[in-house]
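These notes concern the structure reproduced below.
The values are calculated or read from the model by the stated rules, or taken from the named source; none is laboratory data. Everything numeric here is computed off the predicted structure, so don't read it as measured data. Cβ: placed from backbone, ideal geometry, glycine included. Neighbour counts: every protein chain shown. Just so you know, the surface numbers come from the protein's heavy atoms only, side chains and all, with ligands and any DNA or RNA stripped out. Shrake-Rupley method; radii C 1.70, N 1.55, O 1.52, S 1.80 Å.
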Amino acid sequence: MRASTLLVLAGLLSSPAYASCPPEGTDAGSLRLLREQRFAVPDDVRATLVERLPACLSDPDPTLRDGVAYEGLSAWLRAGLLDETQRRTLRDRLYAMLEQDTADGVGPPFAALVLSEVARTDRIAPWMSPDERDAMVRRAAAYLSSVRDYRGFDAKVGWRHGVAHGADWALQLVLNERVDRAQVETLLQAVAAQVMPESAHAYVFGEPGRLARPVLYAAKRGVLDEAAWTRWFAALPPRLGDAKQAYADSAWLARRHDLMAFLMSVHLEADQSEDPNIRALKPIVVQALKAVP
């Protein structure tokens, strides 16, 4: 690590501030150097950064939010460098961030994205209790269902992508063998709630494909039977609204756009997959497609 970065991070260790970005004792330059050095830091520095970098998940600067805070926390989680206490503390801090309401709207989506990485650690090597895992399932479903800020990417602030990040969190939970059928169905209900947003927002940033992933991997696990999948997909076309509005109302057309994009995403994967459980979705999705005006 460069000497200049070590000096700045030494200031970080002596600073009591937790809620600022860059954290007091650092600056944007030192954090970018941290990324260039693949987030390799001494254990004590990493422990302090784990407590303070979450503040940068709410920063409107995408180089700090996405490039440093998300990438750094993700790298440490994936490398197994955070102990159980640190993971719990980070998880609970991120839960609190889901409730933030700011004009930039970047904090909750990026909290959800890091929570998907926290969920991944429990999937690979379980450390949460059944009650903690159930609470995470309920929080993930509640967050995904509640997203009403559909901004995706813009050149100044970068990504928000709340629906996609919520779907990523749901995906990691659906993949977890310790998440049971009832919990999977809770997550699938949240996915269904965003297939066609109530605000009739037409997706343009790849959200239907991201929403399809937890559905596909739930099918791969085989936790739902054919009848359950048939009911789930059959319930989607009726949500288009009054048939009299078909092709004569912009909100109806936006909902149809989103539904078709989602169903085609699932259909493509089911058609190409070699997994028999995923392939079994194909005729069910075809029936749903036929039900769309």
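Summary of computed values
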| read-out | value |
| --- | --- |
| The chain: most fluctuating residue of Val157, Val215, Val195 per GNM, C-alpha cutoff 10 Å | Val157 |
| Fluctuation leader among Leu113, Leu57, Leu224 - the chain, Gaussian network, Cα springs under 10 angstrom | Leu224 |
| Cα centre as origin, Lys/Arg/Asp/Glu Cβ charges: segment 124-258 dipole, Debye | 220 |
| Options Ala291, Leu236, Leu144, ranked by Cα towards positive dipole end of the chain, top entry (Cβ charges) | Ala291 |
| Exposure of Trp229 as accessible area (Å², to 10), given a probe of 1.4 Å and all protein chains | 10 |
| Sites Gln100 and Gln37 - FRET efficiency at Förster radius 30 Å, r taken between beta-carbons, to 0.05 | 0.50 |
| For the chain, size of Cβ-based charge dipole, Lys and Arg +1, Asp and Glu -1, in debye | 520 |
| Label-point gap, in nm, between Ser20 and Glu84 - each point 7 angstrom along Cα→Cβ | 3.6 |
| Accessible area of the chain belonging to carbon and sulfur atoms, whole % at 1.4 Å probe | 53 |
| Degrees, to the nearest 10: 43-52 long Cα axis against longest axis of the chain | 60 |
| Residue-wise HN-Hα coupling along segment 106-116, computed from phi with Karplus coefficients 6.51, -1.76, 1.60 (Hz; x: Gly, Pro) | 9, x, x, x, 7, 4, 4, 5, 5, 4, 5 |
| Cα-based helix-to-principal-axis angle, 84-97 vs the chain, degrees rounded to 10 | 60 |
| Where segment 28-102 is the region considered: accessible area per residue in Å², 1.4 Å probe | 44 |
| Partner aspartates and glutamates for Lys290 [C-alpha distance under 20 Å; skip if fewer than 8 residues away on the same chain] | Glu226, Asp242, Asp258, Glu269, Asp271 |
| Per-residue HN-Hα couplings for segment 53-68 [Karplus 6.51, -1.76, 1.60; θ = phi - 60°; Hz; x = Gly/Pro] | 5, x, 4, 6, 5, 9, 7, x, 7, x, 5, 8, 5, 7, x, 10 |
| Distance (nanometres) between label positions extended 7 Å along Cα→Cβ at Glu51 and Arg221 | 3.5 |
| Rounded if a/c under 1.5, otherwise prolate or oblate - segment 23-124, Cα gyration tensor axes | oblate |
| Farthest toward positive dipole pole in the chain [+1 Lys/Arg, -1 Asp/Glu at C-beta], among His257, Ala170, Gly107 | His257 |
| Candidates per GluC sites (Glu not before Pro) in segment 32-104, loop by DSSP, up to 13 other Cβ within 10 Å | Glu99 |
| J(HN,Hα) series, segment 33-39, from Karplus relation 6.51 cos²θ - 1.76 cosθ + 1.60, nearest Hz, glycine and proline x | 4, 4, 5, 4, 8, 6, 6 |
| Cross-link reach list, lysines versus Lys220, counting only Cα pairs under 18 Å and skipping chain neighbours closer than eight places | Lys282 |
| Per DSSP, loop GluC sites (Glu not before Pro) in segment 134-240 with at most 15 further Cβ within 10 Å | Glu177, Glu198 |
| In Å², nearest 10: area of Phe233 left accessible to a 1.4 Å probe | 0 |
